[in-house]
Amino acid sequence: MIVIPAIDLKDGKCVRLTQGRADQERVYDQDPVGVARAFERAGARMLHVVDLDGAFRGKTANLAAIEAIVRAVGIPVELGGGMRKMADIDGMLARGVDSVIVGTMAVKQPHLFEEALYRFGGDRLQLGIDARDGKVAVNGWTDGTELEAVEFGRRWKALGVERVIFTDIARDGTLAGPNVEAVRRFTAETGLRVTASGGVSSQEDLERLSGLEELGVDRVIVGKALYEGRVNLAQALRWEAAC
């Protein structure tokens, strides 16, 4: 189980939202590059970066911060938020981002996402499925759909998706613990490799999710729990190495 620390960017700052709500924002650091370097020094094997402004606006909004983070660290950076055009994906990969996370495009422009999968491959593109009550949400989680997350995942697996970042919106940023059953069901019923996201609040939560590793849940994103001191990254990474 790979533990991936998260950096969410808003107005160039490192923030966290509660349940993806822009009006529930807390700024944790003015220097996301410093945060990225600290995570790397602690031993993180990769970083999860989200352009929150990009997710809400539908286009990249924190380019300078993203470029600075990629230049500052030597570990892979996965990036999501506002990736709605082929040029967005191409541009970020060209700037050194290891993989791009796409969500809204897969719902709103499925033919374009299918083309992107063919062009870049399932190792460079990840599908972000943000679920509320089992249904897919888009546009920075502001809009719901009637798409069932499991069926949506199955459809894209058949077209070349290899990994999904599965987020339970109701748990994200709440420190209420992950929805282990939702993650288990999604992974078991799709057969995809899954990165679990949302709600991690303790080392015990990481250990609970590790029980799903045989199903395909081999990565977990940790955000607010790190900034609030609920999870010690160095300890979590030692646990990761021992698993």
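The values are calculated or read from the model by the stated rules, or taken from the named source; none is laboratory data. Just so we're clear, the structure is a prediction, and the values are computed from it rather than from any experiment. Virtual Cβ from ideal backbone geometry, glycine too; neighbours counted across all protein chains shown.
Tabulated data
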| quantity | calculated |
| --- | --- |
| Options 80, 54: the member that is in contact (Cβ under 8 Å) with a residue 12 or more places away in the chain, within 17 Å of residue 222 (Cα to Cα) and not aromatic (Phe, Trp, Tyr) | 80 |
| Members of region 173-203 that are of a type in the set (S, T, N, Q) and within 14 Å of residue 214 (Cα to Cα) | 187, 190, 195 |
| Those residues of region 189-228 which are under 17 Å from residue 127 (Cα atoms) and either in a helix (DSSP H, G or I) or of a type in the set (Asp, Glu) (or both), in sequence order | 189, 190, 218 |
| Hey, residue 177 closer than 22 Å to residue 117 by Cα, assigned to a loop (DSSP other than H, G, I, E, B) and modelled with pLDDT under 95 or not | no |
| Single match in 72, 36 (criterion: at pLDDT 95 or above, more than 16 Å from the chain's Cα centre (by Cα) and not basic (Lys, Arg)) | 72 |
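Here's the yes/no breakdown for (1) surrounded by fewer than 19 Cβ atoms within 10 Å (Cβ to Cβ); (2) touching a residue at least 24 places away in the same chain (Cβ under 8 Å):
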{"position": "170", "(1), (2)": "yes, yes"}
{"position": "176", "(1), (2)": "yes, yes"}
{"position": "179", "(1), (2)": "no, no"}
{"position": "188", "(1), (2)": "yes, yes"}
{"position": "196", "(1), (2)": "no, yes"}
{"position": "199", "(1), (2)": "no, yes"}
{"position": "224", "(1), (2)": "no, yes"}
{"position": "228", "(1), (2)": "yes, yes"}
{"position": "234", "(1), (2)": "yes, yes"}
